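The values are calculated or read from the model by the stated rules, or taken from the named source; none is laboratory data. It should be emphasised that the depicted structure is a prediction, and the values quoted were computed from it without experimental measurement. Glycine gets a Cβ as well: all are built from the backbone with ideal geometry, and neighbour counts include every protein chain shown. Each accessible area value is taken on the protein alone, full model and side chains, heavy atoms only, with ligands, DNA and RNA left out. Shrake-Rupley method; radii C 1.70, N 1.55, O 1.52, S 1.80 Å.
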Number of protein chains: 2
Amino acid sequence: MANQFGDRIRQLREKENLLLRQVAPQLEMDTPMLSKIERGERFAKREQVTQLSKIFNVPEDDLLSLWLADKVYDVVKDEDVAFKALSATEEELKINPNRKKPPR
Amino acid sequence: MANQFGDRIRQLREKENLLLRQVAPQLEMDTPMLSKIERGERFAKREQVTQLSKIFNVPEDDLLSLWLADKVYDVVKDEDVAFKALSATEEELKINPNRKKPPR
DNA sequence: TTATATTTGTCAATACTTGACAAGTCAGTA
DNA sequence: TACTGACTTGTCAAGTATTGACAAATATAA
């Protein structure tokens, strides 16, 4: 299963020699939950991506695109028109410029 | 909002001079629901895509990629790393060949 | 007006996701 | 072997989101 986001944050965490139990509370979650996110068993929430980029001092967009890619993969993974669908999405994005999500 | 799938099935339906109330029952849904799907207010279900391709006699993959594209668009539409994420998904798909969904 | 087609709004039922916890495995070390 | 610490697994209730069904509104034409 594709888990670019989880692999990355585990990598970052290990580089900093941090334990799950040290990072999890900063995201207001328990250790098992973070473990699941790192292994791709669960998706992090959008805001947690932001928090993680701060914790590990990396550009938010880097984590965000991995996180989004995992979500997209999850949508297309079972269909063999996956590539075709991604192209169609790109076309749509070109026509329909994406409006920013309202920040809360 | 992006609605390639809905636009297409409306186009097909009108080409055949069919009414919502003639098509909807074939999908076991009511007229308002099909109206919403055509206008992109709701997503059709995976099986309904198959049924629609049969009703309108078009290749399933054509409808399927539009339907999938709408779903993907829905995931990425609010983020400005959308393109980057789509590229990352394509890379992932190349590495991780997609397994077919188990037909039920 | 009347009839027909489509759209809009609401809401309960259903399904999915999340968070929290207990219990489990695994690796290292005394 | 037993103990410890780090992580993983399984379960389940709570919280969200989606769906289906219906009534009512709008629109268009005759």
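Tabulated data for the structure shown
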{"item": "Residue match in the range B:49-56 (condition: near DNA strand D (Cβ under 9 Å from one of its atoms) and either under 18 Å from A:ALA85 (Cα atoms) or charged (D, E, K, R) (or both))", "result": "no"}
{"item": "Output for the range B:23-40, where each listed residue is out of contact with any helix residue (DSSP H, G or I) (no Cβ under 8 Å at 6 or more places or on another chain) and within 7 Å of DNA strand C (Cβ to nearest atom)", "result": "B:PRO32, B:LYS36"}
{"item": "A:GLU38 vs. criteria within 16 Å of DNA strand D (Cβ to nearest atom) and out of contact with any Lys or Arg (no Cβ under 9 Å at 6 or more places or on another chain)", "result": "no"}
{"item": "Test: residue in the range A:18-33 that is free of Cβ contacts under 8 Å to residues at least 40 places away in the same chain, away from DNA strand D (no atom under 11 Å from the Cβ) and within 14 Å of chain B (Cβ to nearest Cβ)", "result": "no"}
{"item": "Odd one out for B:ARG13, checked against (1) within 14 Å of DNA strand D (Cβ to nearest atom); (2) away from chain A (no Cβ under 14 Å)", "result": "(1)"}
{"item": "Count - residues of the range B:83-96 that are at pLDDT below 95 and either crowded, with 16+ Cβ neighbours inside 10 Å or within 7 Å of another protein chain (Cβ to nearest Cβ) (or both)", "result": "3"}
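The rows are residues; the columns are (1) open to solvent by less than 60 Å² (accessible area, probe 1.4 Å); (2) touching a helix residue (DSSP H, G or I) at 6+ places or on another chain (Cβ under 8 Å).
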site	(1), (2)
A:ARG21	no, yes
A:GLU47	no, no
A:THR50	yes, yes
A:ASP62	yes, yes
A:ASP70	yes, yes
A:TYR73	yes, yes
